[in-house]
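Please treat every number below as a calculation from the coordinates, not as lab data. Computed from a predicted structure; not experimentally measured. Methodologically, a virtual Cβ is constructed for each residue, glycine included, from the backbone with ideal geometry; neighbour enumeration extends over all protein chains shown.
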Amino acid sequence: MKGSTSTSTSKMPVRLRLGTLAAVSAVLLGACAKVAPQTTFEPQGPIARQINDLINPVFIVAGIVFVLVQGLVVFAVIRYRDRGQPEPEQIHGSTRLEIAWTLVPALILLAIAVPTIKTIFDLSQTPSEDALAVTVVGRQYWWEYQYEESGVVSANELVIPAGRAVALTLKSDDVIHSYWIPALAGKTDVIPGRVNRMTIEADAPGEFPGQCTEFCGTSHANMRNRAISLSAGDFDDWIAGQKRDAPAPLADTPAAEGLATFSSRGCGGCHTVGGVSDAKIGPNLTHLASRSTFAGAIFENNAENLTTWLKDPEAAKPGNKMIIPGAPLKPDEIEKLIAYLETLK
Ligand code: CUA
């Protein structure tokens, strides 16, 4: 037994040692990303800041406890390791020590519990009356947004006014999802048959990426999301624009042929285009061209990506519910449809 640990370490093949070093470095360096738009440690609104202000002190306390405990363990392992010495005298129980190590952790937990409980209660408060009310519906694999006051329906990109609380009502149409925009708030599960609520708020205009954080099927990883905060004036303009029906394309243009294709291929059986169709299975497309992304915010909204998508939605995003009735779309149909979709500003 004597010295067995050091012998086995020195016998570790160089390749294995390098491999271990590489694996450990990869894990550690993984935490050093320079561009991390989904970090929770750079809050961009009062709700996320409140959560961050709780995480930091708790993390510091946990860090101190970790270093202390692990340090003592390592010290004891090295200092008192078996060198063939006789077994030390066995003792049992020290009332003073027992009281100390029961009391100290209890006091630490109590100190952490006070701000934790306060934050939990603060965050679950009903937002003020002038908060913007939006219902969020989770679907495999995209998000629908219903603006309660204006009746506007949009998808994937949650447009909000900066500096104003937004009261989200979270619902699911199929399975459990979880709504999360790390820079603006914590995550909340979105559960079928149940209504959950959360408040989010952005300090200033900007874009904040998010991600579904509950495994919900094949394309869970492709169920992204984005909040876009605008100044109050820009937000009012956006709402006004979204309230309008889709503009009718000019006669004898590719867009007009695209609208005819939209109708003949049955796109309106699933999608709403204001003034053209009224179905609620797929995302509302009335103002698709005003969004910067589509299909769960995984694609930039441009003609190239729309072509890829319309050619074979299943290959572009496995497990999604987009069904093209009959045969796949022909290249000229896709071209016309995109010409039409691009007019839906
Ligand atoms: Cu929706 Cu994961």
Those helices of the chain passing the 24 Å axial Cα length cut-off and the mean Kyte-Doolittle cut-off of -1.0 (DSSP H runs only) are 46-79, 95-123
Taking a ≥ b ≥ c as the square roots of the eigenvalues of the Cα gyration tensor, with a/c under 1.5 meaning rounded and otherwise prolate when a/b exceeds b/c and oblate if not, the chain is prolate
Classified through the alpha carbon gyration tensor (a ≥ b ≥ c as square roots of its eigenvalues; rounded if a/c is under 1.5, else prolate when a/b is larger than b/c, else oblate), segment 1-159 comes out oblate
Among PRO115, PRO205, PRO105, the residue with the largest mean-square fluctuation in a Gaussian network model of the chain built from Cα contacts under 10 Å is PRO105
Per the helix-only model, the chain has a calculated mean residue ellipticity at 222 nm (DSSP H runs of ≥4, -39500 (n - 2.57) each, divided over all residues, rounded to the nearest 500) of -12500 deg cm²/dmol
Per the C-alpha gyration tensor (a ≥ b ≥ c, the square roots of its eigenvalues), segment 193-325 is rounded if a/c is under 1.5, else prolate if a/b beats b/c, else oblate; here it's oblate
Taking every other residue with Cβ under 15 Å from the Cβ of ALA297 and scoring Lys and Arg +1, Asp and Glu -1, one gets +1
What the 5 Å binned alpha carbon P(r) of segment 154-202 shows, as percent of pairs per bin from 0, is 5, 20, 29, 28, 13, 5, 1
For ARG226, other-chain or 5+-apart residues with amide H closer than 5 Å (H placed, Pro excluded) are LEU158, GLY210
In segment 43-178 the DSSP beta bridges are antiparallel at a rate, in percent to nearest 5, of 55
Pairs over 27 Å Cα to Cα, from LYS187/LYS345; LYS34/LYS321; LYS311/LYS345; LYS321/LYS345, come to LYS187/LYS345; LYS34/LYS321
Quick note on SER150, SER264, SER178, ordering by fewest other C-beta atoms within 10 Å, gives SER264, SER150, SER178
One would report the antiparallel percent of DSSP beta bridges in the chain, rounded to the nearest 5, as 65
Ranked on Cβ counts within 10 Å of their own Cβ, fewest leading, VAL159, VAL195 go VAL195, VAL159
Counting Lys and Arg as +1 and Asp and Glu as -1 over every other residue whose Cβ sits under 13 Å from the Cβ of TRP309, the net charge comes to -2
Taking CYS270, CYS216, CYS32 and counting other beta carbon atoms within 10 angstrom, the fewest-first order is CYS32, CYS270, CYS216
